[in-house]
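Encoded as structure tokens, the structure appears first; notes follow it.
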Amino acid sequence: MPGRTSFRTFRRCFASEVVRVALLLLLIAVSISSSGLLTRVDHLVFDLGQRLNWRPVPDDVLIVAIDEDSLDLLGRWPWSRDRHARLLRTLCASDPAVVAIDIAFSEKSDEPFADAALADAIAACGRVVLPLVIESTRVGGQLLETPPIQPLAAVAAGIGRIGVRLDEDGIARSVDLREGVGTAAWPLLAEETLRLAGRLRATSAGTAGSGAAGTAAASHLLVREEMRRFEFVGPPGSVPRVSYAQVLVGNMPPEMFAGKIVLVGATAVGLGDFLPTPVSALSQPMPGVEVQANVLLSMRDGRLISALPTLSTLLLAALLAVVPLLWLPRLMPLAGLLASSLWVLAVGTACALLPGLLQRWFPPAGVLLAGLFAFPLWSWRRLEAARRHLDQELRQLRASLPQREVAVASPAEIRRLGFEQRIAWVQAAQRTMQALEAQRNEALAFISHDLRAPLAGVVSQLESGDACDQARLLPALRRALGMAQSFLWLARAEALDRKAMEEIELTSLMHQAVDEFHSLARQRQLPLVRQLPDEPVWIDGDFESLQRSVANLVHNALHHAPRGTAVTIGLDCAGDGDVELWVRNAGPALPADLVARLFKRFSRGERGASASSGTGLGLYYVRAVAEGHGGQAGVECSDGAIRFWVRLPGADRGEPERVP
């Protein structure tokens with residue numbers, strides 16, 4: 001049964017390839033996720049989610065923009081701080097919830113009266129938040145915290161830090177809830193603004209409170225805490241804005257600002273900071289004041305986005321990486337490719353939408369790369385398994401088929417064959433085997449009907465006829481009839497189907513087989529010793545073929561054992577669930593060349609008078625039955641004894657391999 005054995009080997013090899021591919025996918029996903037080699041891919045997925053997740057335009061947040069129209073009407077920048085004081089008086093007269101100014105007042109102006117006027121306006125309003133800037137004195141120089149000048153800081157209702165993180169690609173997506181030089185002391189401008197407006201969610205940030213200006217730093221290192229990504233309500237210009245100049249000249253109705261959060265900052269090109277964002281990228285940077293507005297809105301609505309912890313990220317990446325192996329081993333290549341492509345698309349889409357739905361961020365680059373590699377890796381390993389299977393089939397065909405029937409490559413030639421050549425050679429060998437099978441069936445039909453039936457009729461007539469004719473013809477005819485019968489039994493043994501086998505009790509079977517030889521054993525003065533277990537031993541098998549195998553082994557031992565010695569029949573249960581039946585008789589060790597061909601077709605032991613008897617198919621039949629049951633047969637010679645054994649899988653092995 002080389003074909004079935006080869007198929008079982010292929011199935012085991014196929015299963016091992018699943019494990020290999022799973023390990024490769026795990027390695028890809030975990031290494032990419034932990035190393036950050038494809039961080040830009042993660043950013044692209046996040047940015048896609050931002051573009052798919054526009055939010056309603058806020059109606060309670062308003063930007064007073066220092067735009068191009070304001071510069072045209074009021075003159076070039078910088079303006080006198082007295083003008084900012086007049087703007088604050090106009091805004092605060094409309095009773096806004098809070099006014100946040102995104103203009104750095106870190107140095108005294110040349111107009112002391114203007115600084116004083118602005119300080120008076122801030123104090124009179126009582127709801128003004130001023131910015132703090134963390135900057136370096138030069139490129140690569142010392143970092144400094146730059147708060148507003150003391151007169152303004154003393155009267156401000158709050159001081160908050162402006163500035164956002166720029167990722168590796170230069171895009172602004174994140175902020176740190178706390179940051180400072182030496183210690184993370186300063187909250188965001190957005191947090192301070194919401195705190196004063198009474199709209200800060202308890203879970204948005206840590207304990208609210210203004211950092212004290214001039215706090216002594218323990219070192220000159222920048223300390224950051226609680227990084228969060230934030231959402232954008234839309235592309236630049238989505239947050240409502242009015243012109244600074246129009247507010248200053250009184251062209252805006254006062255009720256426009258009532259109860260609203262007002263942010264004052266520059267939107268004119270070339271004035272103030274402009275940042276690339278996920279919703280604008282490098283083509284249309286967003287004014288810094290609008291970025292601050294988006295941070296404020298994310299914090300107000302509880303939509304700041306937290307990244308999953310590192311361990312959770314790696315575990316989830318490892319789990320998602322092997323998901324394609326749920327369908328790849330079961331689908332044909334085209335279906336597997338489509339399913340894997342849809343899986344990559346689904347993971348990317350889910351990770352893009354996750355921040356907007358659950359305010360959690362999972363970087364998917366590792367999983368996406370593993371998903372892209374899943375089908376190629378699986379196809380490669382499946383082809384390798386198929387190649388090894390074909391090579392094994394070629395080797396088995398080369399060993400089993402006559403060389404004159406098909407030219408099967410040598411092992412060295414097999415390694416040099418291409419995949420299509422391997423398939424072609426196996427197909428040619430299989431066609432030859434189908435033809436040989438047809439010839440064998442024809443020969444068996446001839447033996448069964450055209451040869452066996454006439455022989456049986458002649459033997460029957462001779463047994464009732466002349467004694468002289470019986471002595472002369474019956475031995476040869478009985479031998480011919482026995483050979484025909486042996487061929488039929490062998491054909492049935494070689495055609496055993498493990499799917500059709502039933503559970504049988506092996507101990508009773510062996511007792512029945514041995515009972516047939518009591519008279520022959522007494523005639524040859526050879527006692528039969530049974531070493532069989534008292535308890536039943538169950539296996540999945542074919543009763544008739546196994547009983548005849550045991551009978552062949554016992555008959556063989558009785559024919560070759562010296563007179564006066566014992567023939568022992570035994571049955572042992574191995575620790576791995578297999579069972580082993582055996583027959584042992586006394587006798588000299590067999591020559592190595594004889595042992596090598598004992599279980600081959602038409603092989604007979606050349607020992608004594610019995611050498612001329614038998615068909616040479618008895619031990620070959622034993623081997624065929626053993627292999628048909630998924631087992632093996634062999635012989636051992638030691639201590640003046642010869643032991644033939646058959647090893648079979650026990651019934652607890654489960655369902656046998658199915659051969660399609």
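Tabulated data for the structure shown
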quantity: Stretchable slack from residue 326 to residue 338, in nm (0.36 nm times residue separation minus alpha-carbon distance); calculated: 2.9 nm
quantity: Computed over the stretch 211-344: relative contact order in percent, which uses C-alpha pairs under 8 Å that are six or more apart; calculated: 28 percent
quantity: Solvent-accessible heavy-atom area per residue, rounded to whole Å², over the stretch 279-359 at 1.4 Å; calculated: 45 Å²
quantity: Under 18 Å from residue 260, Cα to Cα: aspartates and glutamates that are on another chain or at least 8 residues apart; calculated: 59, 60, 95, 102, 191, 192, 290, 301
quantity: The stretch 262-306: proportion of alpha-carbon pairs further apart than 17 angstrom, %; calculated: 37 percent
quantity: Scaled radius of gyration (Cα, divided by 2.2 N^0.38 Å) that the stretch 256-393 gives; calculated: 1.63
quantity: Virtual spin-label span in nm between residue 269 and residue 31, 7 Å along Cα→Cβ; calculated: 4.7 nm
quantity: Cα gyration tensor of the stretch 276-347 - equivalent ellipsoid semi-axes, whole Å, descending; calculated: 39, 18, 9
quantity: Per-pair calculated FRET efficiency, R0 = 22 Å: residue 308 and residue 222 via Cβ, rounded to 0.05; calculated: 0.35
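The values are calculated or read from the model by the stated rules, or taken from the named source; none is laboratory data. Computed from a predicted structure; not experimentally measured. Backbone-built Cβ (ideal geometry, glycine too); neighbour counts: all protein chains shown. Just so you know, the surface numbers come from the protein's heavy atoms only, side chains and all, with ligands and any DNA or RNA stripped out. Shrake-Rupley method; radii C 1.70, N 1.55, O 1.52, S 1.80 Å.
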